[in-house]
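Enquirer: Here you go, one structure.
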Amino acid sequence: MLVVKDLVSGYSKMPAIHGVSFKVEKGQVVAILGSNGAGKTTTLKTVMGVLPAMSGSITYKGESLIGVPSHKMVQKGLSMVPEGRHLFPKMSIYDNLMMGAYSVKDKGSIEKKLETIYEIFPILAERKAQLAGTMSGGEQQMVAIGRALMCNPELLILDEPSLGIMPKLVDEIFEFIKKINKEMGVTIVIIEQNAEKTLAFADYAYVISEGQTVIEGTGEALMKDDQVQKVYLGMD
Amino acid sequence: MFLQVLYEGLTMGTIYALLAMGIALVWGVMNILSFSQGEFMMVAMYITFFINLATGWDPLAAMPIVIVTMFLFGILIYRTIIARALKGPVLSQRLVTFALGMVLTNGMILLAGGQTKSVPDKLISGTISLGSVAISKEKMVLVVTSIVVTGLLFWFMNRTKMGKAIRATSQDKEAAGLVGINTQTAYMIAFGISAAIAGAGGCAMTYSYYFMPNIGTNFMIFGFIAVCLGGFGSIGGAFIGGMIMGIIDLFTGTYLSVSYKYMAVSVIFLLIVTFKPKGLFGR
Amino acid sequence: MKKLLAVLLSVVMVLSLAACGGSDDKKETKALAAIFEDIVNNKHDDSSLPFAADEGLPGLGGAKIEFVFGDQSTPEIALSEAERLITEEGVIGICGNFSSATTKTTMVAAEKYGIPVITEGTSMSLTDAGYEYYGRTLPGDDVFIDNTFAYLDYLNENKAADIKTVCLISEDSEFGANIAKVEAETAEKYGYEVVENIAYNKDATNVTSEVLRAKQADADVVMMSSYAADSLLFMQEFKTQGYFPKMLFGQRGGFMASDFALNLKNDSDYVLTTSRWNSDIDNDATREITKRFSDAMGVTLIGDTLIAGWDGIVLAAAANQAGSTDGDAIRAAMAEGVQIDPATDPFGLEGYKYKEKNGQNEFGTAIIVQYMDSQLATVYPEGSASAEVQYPAKGWSER
């Protein structure tokens with residue numbers, strides 16, 4: 001579905017990644033792991049057109065995404081929950097969710113989608129008039145995920161969904177992500193530092209280090225690989 | 001007397017509010033300080049003047065044309081100047097509109113001369129006496145225009161898809177792009193609307209003002225302090241800031257001394273900068 | 001030899017917008033200069049202007065005059081232009097500056113080379129500076145203001161005007177502050193009470209508080225010094241607030257500018273101002289120069305333009321009288337009194353005697369004009385008046 005090959009990209013002409021490759025099949029949960037500053041976020045921002053690619057290729061359903069501006073991605077079926085959530089803080093939860101459906105023309109499908117999201121995150125329905133900026137981190141993450149789902153994506157990219165969230169809520173967020181994958185049939189790419197939890201439910205995973213893909217394998221396989229754990233993921 | 005001063009203060013406030021909202025909108029969305037907002041108002045006055053000269057239309061009849069023309073003018077300025085400046089260093093982003101203002105003023109001197117102009121024979125004129133308060137119908141046009149424009153702006157920003165997209169862009173540009181908003185378009189429309197607000201204000205001001213190419217400059221300082229007062233980027237705050245500026249202007253001028261009014265305004269500016277740098281309504 | 005003696009006069013162009021209203025002054029000054037050159041240099045039996053009967057200046061063997069122009073956009077430019085006019089063009093005198101600031105820099109060059117200057121900047125600092133070669137034909141601010149209060153006395157005595165109180169409104173610049181100071185002193189001298197003294201900011205976005213204060217004070221006479229845009233803003237606000245004093249007296253500036261009546265139309269009526277000259281003054285010289293000018297230019301001649309050229313004629317007459325183009329000889333003739341036939345003088349002055357100590361013409365007096373049906377009409381002095389003053393002014397609602 002999504003094929004990234006030898007991708008080079010970065011900020012203002014200084015490459016932060018020098019050859020990242022990965023592949024995502026429809027219906028999968030693919031994890032991209034790596035320590036802080038390894039180039040995970042740069043990779044996915046480049047996929048979404050937020051950063052320009054310097055070289056390499058990004059192909060989505062056989063079509064190149066190089067040069068496609070980020071606001072066109074949702075129309076192609078890609079959606080992203082950015083790191084740090086990036087909500088519109090002075091807008092209500094409802095408006096935040098509706099902004100997610102900005103590119104969707106069919107009003108009926110927006111209503112239906114909204115109901116689905118309220119079912120997954122009932123708290124959002126309760127607090128729909130509250131300003132997004134005034135909510136807790138976990139609640140904000142729900143809004144961010146909800147907003148990213150409003151455009152009916154086929155592929156959802158999640159950048160560090162567990163960052164800055166109370167530990168007891170982290171499990172819940174992961175449950176939601178599983179649900180989105182299994183019940184709504186959305187393919188998922190997830191970036192995480194929390195490797196243990198991620199590998200537990202990822203179908204396939206890639207480890208990025210110093211701007212390059214170094215190891216790949218099924219979640220299960222990488223979980224068992226001691227070297228991976230120690231060297232790249234900093235786990236004991 | 002008190003009521004008269006209050007009324008006049010609010011009237012003056014509506015002009016400052018219109019200016020301030022335009023500045024706040026542009027700052028909020030693209031972090032550009034719109035020093036040329038007063039000059040946009042001036043350009044709108046001259047457009048009104050020239051329409052009147054050519055067709056004899058009253059400023060009120062010409063207003064829709066002036067607003068649309070100014071909107072398009074704003075878009076033209078955005079595409080030719082602002083969009084490029086945004087790619088440059090911060091200092092040029094800050095100063096580009098300053099230079100633009102000077103170009104507009106001097107351009108207008110070349111085009112229309114430095115003399116004072118006015119639009120003759122207005123449709124609505126005269127004074128209504130309400131007890132001790134003399135209400136000028138010409139100024140009423142300005143007040144009503146300002147209120148309608150403010151209302152429309154709020155409706156647009158809060159109720160329409162484009163308005164929400166502009167707000168979303170101003171709150172988080174990256175996220176706006178990710179949900180499918182073309183942020184370049186949002187910038188451009190926001191700049192156009194800001195110019196259109198100046199268009200409505202300038203057009204209505206021809207009802208009660210004589211004007212010359214440098215008229216915009218004198219209003220700018222009030223407009224900017226109003227924006228500081230209201231908290232940069234908040235349009236509602238800018239409106240209230242503008243009204244407060246009008247009240248301060250008239251009350252210090254009438255009850256203290258005319259010489260104090262600019263000092264009062266400057267002192268308030270310093271107080272805000274010192275004690276409430278984010279404005280009365282800023283967070 | 002004749003050619004060497006040719007008298008060259010220079011008129012420094014008027015470009016300063018602040019001092020006078022229009023932007024075509026340059027064109028108009030040049031047109032007026034051409035008319036004067038023609039009158040002086042050629043024989044005109046039908047003309048009642050100076051030197052019309054002769055070809056050139058008789059006292060200098062029939063020397064022709066020529067006006068040479070310089071730029072006075074800024075004080076710095078005026079200085080270098082004055083140097084150029086004196087050293088390269090060889091002028092015998094300089095006239096035509098209206099702004100006191102450009103006059104001051106022009107004087108630097110004039111004093112250095114001993115070239116007489118006659119200009120009409122009204123600032124008192126010009127007559128206080130101790131210049132040796134400076135002259136001013138018409139009043140400075142102090143005399144204009146003195147003439148104003150003398151006129152109030154005249155109205156009280158002859159028209160039972162019952163004027164007692166005055167409200168002063170002036171720009172808070174050096175110009176306005178000086179005028180306000182002299183006005184207050186002169187009011188005291190003449191025994192009028194200043195009930196309100198308002199200084200406003202010249203970059204004001206509105207003058208509402210100023211007008212409300214004036215309205216509250218309700219003086220018999222409101223006396224104002226403002227430039228064009230401000231005077232209009234005030235008039236508009238006076239109307240908005242339904243206030244018009246018994247007499248509104250402007251001190252030239254914006255009240256004389258062509259923009260004033262052009263924008264206000266009949267709302268300008270009843271406003272008085274001091275002036276140097278007006279095209280309706282009742283004498284042959286005025287009628288003639290007014291006609292010649294409007295035939296040439298198609299627009300009405302204004303006093304500021306006329307005096308710019310007229311000061312050149314006075315310089316020529318002084319040279320003619322001295323029989324010399326030497327600066328000191330011309331200045332001496334100015335001090336002893338330049339003889340100009342009153343029948344040829346559009347200003348109708350009693351004389352042209354420039355005091356040695358400060359250059360002020362002893363006989364320079366103002367006229368007083370009033371807007372009637374949006375035209376300026378001379379109402380004082382009686383000898384020049386073309387109309388009776390309208391006093392008290394009608395309120396806005398009665399018009």
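Enquirer: To the nearest 10 Å², what's C:Thr137's accessible area with a 1.4 Å probe?
Expert: Its accessible surface works out to 0 Å², give or take rounding.
Enquirer: Mind listing the long-range amide H neighbours of B:Ile32? Cut-off is under 5 Å, sequence gap 5 or more, other chains count too, H placed in the peptide plane at 1.01 Å from N.
Expert: B:Trp27
Enquirer: Report, in degrees rounded to the nearest 10, the 0 to 90 angle that the Cα long axis of helix C:141-158 makes with the longest principal axis of chain C.
Expert: Roughly 50 degrees, rounded to the nearest 10.
Enquirer: Between helix C:208-217 and chain C, what is the angle of the helix's C-alpha long axis to the longest principal axis, kept within 0 to 90° and rounded to the nearest 10?
Expert: 70 degrees
Enquirer: Pull up the DSSP beta bridges for the stretch A:2-232 and report the antiparallel fraction as a percent, rounded to 5. Numbers along the way, then the final one.
Expert: Details: 23 of 41 bridges.
The antiparallel fraction comes to roughly 55 percent.
Enquirer: Cut-off under 14 Å on the C-alpha distance; same-chain residues fewer than 8 positions from A:Lys230 excluded. Which aspartates and glutamates are left, in chain and number order?
Expert: A:Glu196
Enquirer: May I ask you to evaluate 6.51 cos²θ - 1.76 cosθ + 1.60, the Karplus curve with θ = phi - 60°, for each residue of the stretch C:193-206 and list the ³J(HN,Hα) values in order in whole Hz, giving x for glycine and proline?
Expert: 8, 8, 8, 8, 10, 10, 10, 10, 7, 6, 9, 4, 8, 7
Enquirer: Still on this model: Please report the antiparallel percentage of DSSP beta bridges with both residues in the protein assembly as shown, rounded to the nearest 5. Walk me through the intermediate numbers first.
Expert: On the way: 39 of 90 bridges.
Given both bridge residues lie in the protein assembly as shown, the antiparallel proportion sits at roughly 45 percent.
Enquirer: Provide a whole-number value for the mean count of partner chain Cβ atoms within 10 Å of the Cβ atoms in peptide C:88-99. All intermediate terms of the calculation are to be shown ahead of the outcome.
Expert: Details: counts 0, 0, 0, 0, 0, 0, 0, 0, 0, 0, 0, 0.
Per-residue shielding by partner chains comes out at 0.
Enquirer: Report the Cα-based extents of chain B along its three principal axes, largest first, to the nearest Å.
Expert: Principal extents (largest minus smallest coordinate, Cα): 58, 49, 35 Å.
Enquirer: Could you sort the peptides C:194-206, B:172-184 by per-residue average Cβ neighbour count (10 Å cutoff), highest mean leading? Working shown, then result.
Expert: Values: C:194-206: 20.1, B:172-184: 22.6.
Going by the mean number of other Cβ atoms within 10 Å, highest first, we get B:172-184, C:194-206.
Enquirer: Could you work out, residue by residue across A:144-155, how many beta carbons of other chains sit within 10 Å of that residue's beta carbon, and then give the average as an integer?
Expert: On the way: counts 1, 0, 0, 3, 3, 0, 2, 3, 0, 0, 0, 0.
Mean partner-chain Cβ count within 10 Å for A:144-155: 1.
Enquirer: Sticking with this structure for a sec: When Cβ neighbours within 10 Å are restricted to other protein chains, what is their mean count per residue of peptide B:118-127? Mind showing how you got there, number by number?
Expert: Details: counts 7, 1, 4, 1, 0, 0, 0, 2, 5, 6.
Other-chain Cβ atoms within 10 Å of each residue's Cβ, averaged: 3.
Enquirer: On to the next question. So how exposed is C:Thr87, as accessible area in Å² (1.4 Å probe, rounded to 10)?
Expert: For C:Thr87, solvent-accessible area is about 80 Å².
Enquirer: Mind listing the long-range amide H neighbours of C:His44? Cut-off is under 5 Å, sequence gap 5 or more, other chains count too, H placed in the peptide plane at 1.01 Å from N.
Expert: Those lying under 5 Å, H to H, from C:His44 are C:Ala53, C:Asp54.
Enquirer: Determine the calculated [θ] at 222 nm for chain C from helices alone, applying -39500 (n - 2.57) to every DSSP H run no shorter than 4 residues and normalising by the residue count; nearest 500 deg cm²/dmol.
Expert: Working: 13 runs with 162 residues, N = 399.
Roughly -12500 deg cm²/dmol at 222 nm, from the helical runs in chain C.
Enquirer: Another one. For the stretch C:60-74, in order, what is each residue's ³J(HN,Hα) by Karplus, 6.51 cos²θ - 1.76 cosθ + 1.60 with θ = phi - 60°, in whole Hz (x at glycine and Pro)?
Expert: In residue order, the calculated couplings are 10, x, x, 4, 8, 9, 9, 8, 10, 9, x, 9, 10, 4, 9 Hz.
Enquirer: While we're looking at this one, here's another question. Would you pull out the residues with amide H under 5 Å of C:Gly93's amide H, same chain only if 5 or more places away, H placed 1.01 Å from N?
Expert: Here the answer is C:Ser10, since their amide H atoms fall under 5 Å of that of C:Gly93.
Enquirer: Give the lysines reachable from B:Lys278 as a straight Cα distance under 25 Å; neighbours fewer than 8 places away on the same chain don't count.
Expert: Straight-line reach from B:Lys278, under 25 Å: A:Lys90, B:Lys164, B:Lys173, B:Lys261.
Enquirer: Okay, helix-only estimate at 222 nm for chain B: each DSSP H run of n ≥ 4 adds -39500 (n - 2.57), divide by all residues, round to 500 deg cm²/dmol; what do you get?
Expert: Working: 12 runs with 206 residues, N = 283.
Theoretical 222 nm ellipticity from helices: -24500 deg cm²/dmol.
Enquirer: Counting only protein heavy atoms and rolling a 1.4 Å probe, how much accessible area do A and B lose on contact, total for both sides, in Å² to 100? Before the final figure, lay out each step's value.
Expert: Details: alone 11260 and 13220 Å², together 22540 Å².
Looking at A and B, the buried total is near 1900 Å².
Enquirer: If you don't mind, another one. How large is ³J(HN,Hα) for each residue in the stretch B:157-169, as worked out from phi by the Karplus curve 6.51 cos²θ - 1.76 cosθ + 1.60 (θ = phi - 60°), to whole Hz, x for Gly and Pro?
Expert: Listing the rounded values in order: 6, 9, 10, 9, 5, 5, x, 5, 5, 5, 4, 4, 4 Hz.
Enquirer: Give the cross-link partners of C:Lys64 among the aspartates and glutamates, using a straight C-alpha distance below 13 Å as the criterion and excluding same-chain residues fewer than 8 apart.
Expert: Excluding near neighbours in sequence, the set is C:Glu37, C:Asp38, C:Asp54, C:Glu55.
Enquirer: Which of rounded, prolate, oblate describes the protein assembly as shown, given a ≥ b ≥ c as roots of the alpha-carbon gyration tensor eigenvalues and a/c under 1.5 marking rounded, otherwise prolate only if a/b is larger than b/c? Walk me through the numbers before you get to the answer.
Expert: Details: a/c = 3.56, a/b = 2.44, b/c = 1.46.
Prolate, since a/c reaches 1.5 and a/b exceeds b/c.
The values are calculated or read from the model by the stated rules, or taken from the named source; none is laboratory data. Just so you know, these numbers come straight off a predicted model, no measurement behind them. For neighbour counting, all protein chains shown are included, and Cβ atoms are generated from backbone atoms with ideal geometry for every residue, glycine included. Remember, those area values only see protein heavy atoms, side chains included, never the ligands or the DNA or RNA. Shrake-Rupley method; radii C 1.70, N 1.55, O 1.52, S 1.80 Å.
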